[in-house]
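Chemist: Following this message is one structure expressed as structure tokens.
The values are calculated or read from the model by the stated rules, or taken from the named source; none is laboratory data. What you are looking at is a predicted structure, and each value in this text was computed from that prediction instead of being measured. All Cβ positions, glycine included, derive from the backbone under ideal geometry; neighbour counts span all protein chains shown. Side chains included, ligands, DNA and RNA excluded: accessible areas come from the protein's heavy atoms. Shrake-Rupley method; radii C 1.70, N 1.55, O 1.52, S 1.80 Å.
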Amino acid sequence: MESVVFSAKGAWRLPQARGEVIFLQRIGVFVCWCGSNIAATVDVEAVAEALKNEPGVVYTADYQYMCSEGGQSRIKEAVKEHGLTGIVVCSCSPRMHEATFRKTAVAAGINPYMVEIANIREQCSWIHKDKVEGTEKAIILAKAAVAKLNLNAPLTAGESPVVKRALVIGGGIAGIQTALDIADAGYEVDIVEKSPTIGGKMAQLDKTFPTLDCAACILTPKMVDAASHEKINLYTYSEVEKVSGFVGNFTVDIRKKARNVNSDLCTGCGACTEKCPSRKAKSEFNMGLSNRGAIYIPFAQAIPNVPVIDHDACIHFKTGKCGLCEKVCTAKAIDFEQQDEIVTRQYGAIIAATGFNPIKLDKFDEYQYSQCPDVVTSLEFERLTNAAGPTKGVLLRPSDGEHPKTIVFVQCVGSRDTSGCGKQYCSKICCMYTAKHAMLVREKYPDTDVHVFYIDVRTPGKNFDEFQRRAVEQYDVDYIKGMVGNGKLKVQGSDLINGEQILIDADLVVLATAIEPDDSARSLASMLTASMDTNDFFTEAHPKLRPVESPTAGVFLSGVCQETVAQAGAAAAKVIGLLAKDKLTCNPCVAGSDELLCNGCSACKNVCPYGAIDYVEKEINDHGVREVRRVACVNEAVCQGCGACTVTCPSGAMDLKGFTNKQIMAEVDAICKN
């Protein structure tokens, strides 16, 4: 026998056999139409009606937009009128509006963790065409949410302090701008850049579109500002080695690679770089179009203006001889014994601004890139036209140093590729920088014929379309819609508009190659536990609502690593908002260990990505038997509730508050019953 005691807040079932007291919820179910997003393929009224007889459900309703002010008001009124202790919202993904409905619950007097979201949009209406099937599935998902909520318990969030310092990974224009904005708000910022200088890809450019401003004129002052800012610290020629911790309190190990030049002593006079006898190494800054010394400064405006020694090219490191740079250095800054150094710092927020690289053209032999020196990539073309480039800004063919009279630009090399050799996505910037290159060539060398082979012209941006049209209408650039069949110096292509084959004798062929994430992006994402898409670009928490935030709390995105440089300021604003808080509310959905079941195997500790689990020797009372056992202990301030430990634990001792094994199984049972 069991008895039930009713109260204004719910019903207490009292099973006499075990003497347990179980609280029965008073649940309200609210079904959202989401305009026609849900209502078009789900009978929302039928869903609300079907949930009326579920255990614990005392109220159901449907409304066109539950996330609106009117929808939230209806929830608050229902809580007050029906004494609800928990609510189920059948709507879009919890990624979208779970926080919204939790705030609504708090305003109505309900614990925010007594809210469950049944995703009947992304997981139901958007993937079903048949309304009957969609409605059936929506009802099942809603019943599963009700079953879980019946086992929910109110949770209380804790607090954790915020370290008032930010880390920017990547020293390109996006990273620099992000750092400057954060530093101007009064917070300490560290920039970690793996190359010897900040500046990134923009330092290699000549002009920017659509204004044709001098790239160096924009970038160089910002580089100087970053280096001289009292709140910004530069770690160049450095890489992130390890990341641990959580939002507001990350611990990061930074490897400062040995320059073999003491930055504190070096005056940047350049004597060592001038006297270095080893001149066979290819200049990375000039895309391999010129040579550099074994000890070098990447470019004239490099910051810091401190050289670095390339061990693979240095005669001293290869043979133990030479050492000429050390002899000519009057500041005694050369240090052949210098070693890598690990610096450990704490940060409240991390910004990934890792940039991009042009794709490798190994799989595109039809363009003869590896065989013909006069077939170059767009970034190599930038260096050929740059006043600080290998030809001092004079456009010359790499093969013989002659001025090209006919130039062919080939777009979408590796972009929008369906052959498996390149990338399926559009690289977005190629159409614009090709138009820029064509205009600059025609303006400086009016006697040069310029042809552009393209699939489609895509110019998504303010004044971008007008810019591309100027290339055609004002500069007489010959745009040919069609693909190039083969390269070398005779370019064969198809003109799809006129329906004819074209053969052009070209002096120079420029390939607009696809861009891809920097090589370091994937390993960095693993350290940050950040999400990536199939192309190794970082993914945002939500493309509309949180476009500069990673799904990992405290990790933000800036620049081409995610979308555009324009996001730098937006990412900085988000970081400033985080660092402005003295404390952050912790997620109460954390793991916990049942000490009676724990066997001390350390499996949970080994898989925890946050280092939140430790083991202690503790006296346990196991049904009257007292003994000292080695048991798991969870640091709730560090635990992020990922659940890795719960699925790893062989004894079932680890469980996750808010997502207990019983709650998950209750959802499964509810689904299977239907």
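Chemist: If you take every DSSP beta bridge fully contained in segment 425-546, what fraction is antiparallel? Give it as a percent rounded to 5. Write out the running numbers ahead of the final one.
Modeler: On the way: 10 of 14 bridges.
In segment 425-546, approximately 70 percent of DSSP beta bridges are antiparallel ones.
Chemist: Continuing with the same structure: Straight distance only, please: which lysines reach the Cα of Lys148 with their own Cα at less than 25 Å, same-chain residues fewer than 8 apart left out?
Modeler: By straight Cα distance, Lys148 reaches Lys9, Lys52, Lys76, Lys80, Lys103, Lys137, Lys657, Lys662, Lys673.
Chemist: Counting pairs of alpha carbon atoms under 8 Å apart in space and at least six apart in sequence, what relative contact order in percent does segment 132-208 give?
Modeler: On the way: 54 pairs, mean separation 21.1, N = 77.
For segment 132-208, the relative contact order is 27 percent.
Chemist: Which far-off residues, 5 or more places away or on another chain, put their amide H under 5 Å from the one on Val168, with H placed in the peptide plane?
Modeler: For Val168, whose amide H was placed from the backbone, the distant partners under 5 Å are Asp190, Ile191, Val192, Ile351.
Chemist: Calculate, for the chain, the solvent-accessible area per residue in square angstrom, rolling a 1.4 angstrom probe over the heavy atoms of the protein chains. Can you show the working numbers first?
Modeler: Values: 31600 Å² over 674 residues.
Heavy-atom SASA per residue in the chain reads 47 Å².
Chemist: Could you let me know the centre-to-centre spacing of segment 158-172 and segment 327-349, using Cα atoms, in angstrom?
Modeler: Spelled out, the Cα-based centre of one part sits 24 Å from the other.
Chemist: With every protein chain in place, what's the accessible area of Lys327 (1.4 Å probe, Å², nearest 10)?
Modeler: Spelled out: Lys327, probe radius 1.4 Å, area about 150 Å².
Chemist: Restricting to DSSP H runs of at least four residues, report the calculated mean residue ellipticity at 222 nm for the chain, -39500 (n - 2.57) per run over all residues, nearest 500 deg cm²/dmol. Provide the component values of the computation, followed by the final result.
Modeler: Numbers: 17 runs with 173 residues, N = 674.
My calculation for the chain gives -7500 deg cm²/dmol from helical runs alone.
Chemist: Then there's this: Expressed as an acute angle from 0 to 90° and rounded to the nearest 10, what is the orientation of the C-alpha long axis of helix 69-82 relative to the principal long axis of the chain?
Modeler: Here the helix axis deviates by roughly 20 degrees.
Chemist: Sort Lys256, Lys405, Lys363 from largest to smallest accessible area, using a 1.4 Å probe on the heavy atoms of the protein chains.
Modeler: In descending accessible area the options line up as Lys363, Lys405, Lys256.
Chemist: So what's the net charge close to Val29: Lys and Arg +1, Asp and Glu -1, counting the other residues with Cβ under 11 Å from its Cβ?
Modeler: On the way: positive: Lys52, Lys143; negative: Glu49, Glu54, Asp62, Glu116.
Charge balance in the 11 Å sphere: -2.
Chemist: Same structure, new question: Once the Cα atoms of helix 661-673 and of the chain are each reduced to a long axis, what angle between those two axes, in degrees from 0 to 90 to the nearest 10, is obtained?
Modeler: 80
Chemist: Label segment 405-463 by shape, choosing from rounded, prolate and oblate, from the square roots a ≥ b ≥ c of the eigenvalues of the Cα gyration tensor; if a/c is under 1.5 it is rounded, and otherwise prolate applies when a/b is larger than b/c, oblate when it is not.
Modeler: Details: a/c = 3.47, a/b = 1.66, b/c = 2.09.
The shape class here is oblate.
Chemist: Mind grabbing the accessible area of Arg416 for me, 1.4 Å probe, Å², rounded to tens?
Modeler: Roll a 1.4 Å probe over it and Arg416 shows about 60 Å².
Chemist: Normalise the Cα radius of gyration of the chain by 2.2 N^0.38 Å (N = residues in it) and let me know the number. Don't skip to the answer; put the middle values down first.
Modeler: Values: Rg = 31.2 Å, N = 674, 2.2 N^0.38 = 26.1 Å.
It is 1.19.
Chemist: Now, a different point. Determine the shape class of segment 31-91: with a ≥ b ≥ c the square roots of the Cα gyration tensor eigenvalues, call it rounded for a/c under 1.5, and otherwise prolate if a/b is greater than b/c, oblate otherwise.
Modeler: Verdict is oblate for segment 31-91.
Chemist: Two decimals is fine: what's Rg over Rh for segment 229-313, C-alpha atoms, Kirkwood radius as Rh?
Modeler: Using Cα coordinates only, the ratio equals 1.06.
Chemist: What percentage of the solvent-accessible surface of segment 325-379, computed with a 1.4 Å probe over protein heavy atoms, is contributed by carbon and sulfur atoms?
Modeler: Values: 1260 of 2780 Å².
The C+S portion of the solvent-accessible surface of segment 325-379 is 45 percent.
Chemist: With the cut-off at 1.5 for a/c, could you classify segment 61-114 from its C-alpha gyration tensor as rounded, prolate or oblate? Don't jump to the answer; show the numbers that get you there.
Modeler: On the way: a/c = 1.73, a/b = 1.21, b/c = 1.43.
Oblate shape, in that a/c is at least 1.5 and b/c is the bigger or equal ratio.
Chemist: Relative to the longest principal Cα axis of the chain, at what angle does helix 94-108 sit, 0 to 90 degrees, rounded to 10?
Modeler: It is inclined by approximately 40 degrees.
Chemist: State, as an integer percentage, the relative contact order of the chain based on alpha-carbon contacts under 8 Å between residues 6 or more apart.
Modeler: Details: 1463 pairs, mean separation 84.4, N = 674.
The normalised contact order for the chain reaches 13 percent.
Chemist: If you project the alpha carbons of segment 434-489 onto their three principal axes, what span does each projection cover, largest first, in Å?
Modeler: So the extents along the principal axes, rounded to whole Å, are 35, 26, 14.
Chemist: Quick check: Cα centre of segment 227-294 to Cα centre of segment 496-537, how many Å?
Modeler: That distance is 27 Å.
Chemist: Let me ask something else about it. Taking every pair of alpha-carbon atoms in segment 316-460, give the share separated by more than 24 Å as a whole percent. Could you put the intermediate results ahead of the total?
Modeler: On the way: 5712 of 10440 pairs.
Percent of Cα pairs beyond 24 Å in segment 316-460: 55.
Chemist: Report, in whole Å, the centroid distance computed from the Cα atoms of segment 596-674 and segment 54-115.
Modeler: The distance from the Cα centre of segment 596-674 to that of segment 54-115 comes to 30 Å.
Chemist: Return the subset of Lys194/Lys231; Lys392/Lys574; Lys332/Lys360; Lys282/Lys423 for which the Cα-Cα distance in this structure is over 31 Å, preserving the input order.
Modeler: Working: Lys194/Lys231 20 Å; Lys392/Lys574 42 Å; Lys332/Lys360 40 Å; Lys282/Lys423 28 Å.
Going by Cα-Cα distance, Lys392/Lys574; Lys332/Lys360 fall outside the 31 Å limit.
Chemist: Next up: Explain nothing, just compute: Karplus ³J(HN,Hα) = 6.51 cos²θ - 1.76 cosθ + 1.60, θ = phi - 60°, for every residue of segment 636-641 in order, whole Hz, x for Gly and Pro.
Modeler: Couplings: 5, 6, 9, 4, 10, x Hz.
Chemist: For Cys421, tell me the accessible area in Å² from a 1.4 Å probe, rounded to the nearest 10.
Modeler: Approximately 50 Å² of Cys421 is accessible to the 1.4 Å probe.
Chemist: Follow-up question, since we're still on this one. So what's segment 541-646 giving for Rg/Rh, alpha carbon basis, Kirkwood Rh from the mean inverse pair distance?
Modeler: On the way: Rg = 19.8 Å, Rh = 16.7 Å.
Taking Rg over the Kirkwood Rh, I get 1.18.
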